[in-house]
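The values are calculated or read from the model by the stated rules, or taken from the named source; none is laboratory data. All values reported here derive from a predicted model rather than from experimental measurement. Cβ atoms come from the backbone with ideal geometry, glycine included; neighbour counts cover every protein chain shown.
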Amino acid sequence: MRNATNERILKDFFSDEAVGRLPYWRGALLAMRWDARIRAKSAGKSSLDVVMLKLFEDAKRDKQRVVTNAMIAGLIEPLAGGNVMAEITEHVTNGDTIEPAPDGAGPGYEIVRVELLPWELGFDLESLVQKKVIAGVVKGSAAERAGLRDGQTLVQRKPIHLNDPTKPVEITVKDGDVERSITYVPTAAKGPIVAQYRKR
């Protein structure tokens, strides 16, 4: 979802949990970027707090005041430099990936590149739920490597956490006359390389 447009967010904010979280993460990353630039430009004498306090004070005086992109850009640009309005259009409206500021989390952190392996169950969940039969096993998937095969029948399973690649799948199947307990982490073989902050 990270590259969903603002139009998509407006449409699916309340119906898709991943879409609903996106504006908050984007806001945090852009705020860290602008805060780092303000601190650098002011030699540590100012920060994004100045902008937030100004917005807060204006809202107290005028409760009908609507915060716009242009208003935010107009407050941040004199302090941070750069074209803040273009950044808002690029990352908020269009959904382009936000590159975290190298110093955005402070001097105790650095940027590292990591591969995030997305969730992949590796077989047809509907067949398991409705027919109690393993079907649609994806060739080369973690499910196949762990031993799941088309035609096996379900004996028992623990809850499957949809879209959570950190929670293992634990399932017992019958393969002919033999019962097998299978556990695996439901992740794809490859994923996107993303930037993350890590303590130095």
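Scan Ala28, Ala80, Ala36 and give me the residue that is hydrophobic (A, V, I, L, M, F, W, C), under 20 Å from Ile98 (Cα atoms) and in contact (Cβ under 8 Å) with a residue 60 or more places away in the chain. Write out each step before concluding.
On the way: Ala28 fails: in contact (Cβ under 8 Å) with a residue 60 or more places away in the chain; Ala80 fails: in contact (Cβ under 8 Å) with a residue 60 or more places away in the chain.
The unique qualifying residue is Ala36.
No other residue among Arg26, Arg33 is in contact with a His (Cβ under 7 Å, 6 or more places away or on another chain) and either assigned by TED's automatic domain parsing to the domain that holds Ile98 or more than 26 Å from Val194 (Cβ to Cβ) (or both) apart from Arg26.
Would you pick out the residues in segment 83-120 that are among the polar types (S, T, N, Q) and in a loop (DSSP other than H, G, I, E, B)? Outline the logic, then answer.
Within segment 83-120, the first condition is being among the polar types (S, T, N, Q), and the residues that meet it are 83, 89, 93-94, 97.
Correct list: Asn83, Asn94, Thr97.
For Glu110, the criteria (1) among the acidic types (Asp, Glu); (2) closer than 26 Å to Glu17 by Cβ; (3) touching a Lys or Arg at 6+ places or on another chain (Cβ under 8 Å) hold in every case but one, which is (2).
Out of all the residues in segment 114-128, is one or more over 25 Å from Arg2 (Cβ atoms), in contact with a Phe, Trp or Tyr (Cβ under 7 Å, 6 or more places away or on another chain) and either touching a residue at least 12 places away in the same chain (Cβ under 8 Å) or not acidic (Asp, Glu) (or both)? Explain how you work it out, then say what you get.
Of segment 114-128, the ones over 25 Å from Arg2 (Cβ atoms) are 123-124, 126-128.
Restricting the remaining residues to those that are in contact with a Phe, Trp or Tyr (Cβ under 7 Å, 6 or more places away or on another chain) gives none.
No.
What do you reckon, is Lys45 part of a helix (DSSP H, G or I) and either surrounded by fewer than 13 Cβ atoms within 10 Å (Cβ to Cβ) or free of Cβ contacts under 8 Å to residues at least 12 places away in the same chain (or both)? Against the criterion (part of a helix (DSSP H, G or I) and either surrounded by fewer than 13 Cβ atoms within 10 Å (Cβ to Cβ) or free of Cβ contacts under 8 Å to residues at least 12 places away in the same chain (or both)), Lys45 does not qualify.
Identify the residue in segment 163-200 that is outside any loop (DSSP other than H, G, I, E, B) and of a type in the set (Lys, Arg) and, among all such residues, is surrounded by the fewest Cβ atoms within 10 Å (Cβ to Cβ). Quick ask: steps written out before the conclusion?
Start the filter on segment 163-200 by keeping residues that are outside any loop (DSSP other than H, G, I, E, B), which leaves 169-175, 178-184, 187, 193-199.
Cutting the leftovers down to of a type in the set (Lys, Arg) gives us 174, 180, 198-199.
Working: Lys174: 14, Arg180: 16, Arg198: 11, Lys199: 7.
If we take residues in segment 163-200 being outside any loop (DSSP other than H, G, I, E, B) and of a type in the set (Lys, Arg), then Lys199 is surrounded by the fewest Cβ atoms within 10 Å (Cβ to Cβ).
Take the conditions (1) in a loop (DSSP other than H, G, I, E, B); (2) of a type outside the set (Val, Ile, Thr); (3) in contact with a helix residue (DSSP H, G or I) (Cβ under 7 Å, 6 or more places away or on another chain); Leu154 misses just one of them, which is (1).
Tell me yes or no: at least one residue of segment 5-13 is surrounded by 14 or more Cβ atoms within 10 Å (Cβ to Cβ), charged (D, E, K, R) and at pLDDT 95 or above. Scanning segment 5-13 turns up at least one residue that is surrounded by 14 or more Cβ atoms within 10 Å (Cβ to Cβ), charged (D, E, K, R) and at pLDDT 95 or above. Restricting attention to segment 41-67, report how many residues are within 18 Å of Gly106 (Cβ to Cβ) and touching an Asp or Glu at 6+ places or on another chain (Cβ under 7 Å). Of the residues in segment 41-67, 2 are within 18 Å of Gly106 (Cβ to Cβ) and touching an Asp or Glu at 6+ places or on another chain (Cβ under 7 Å).
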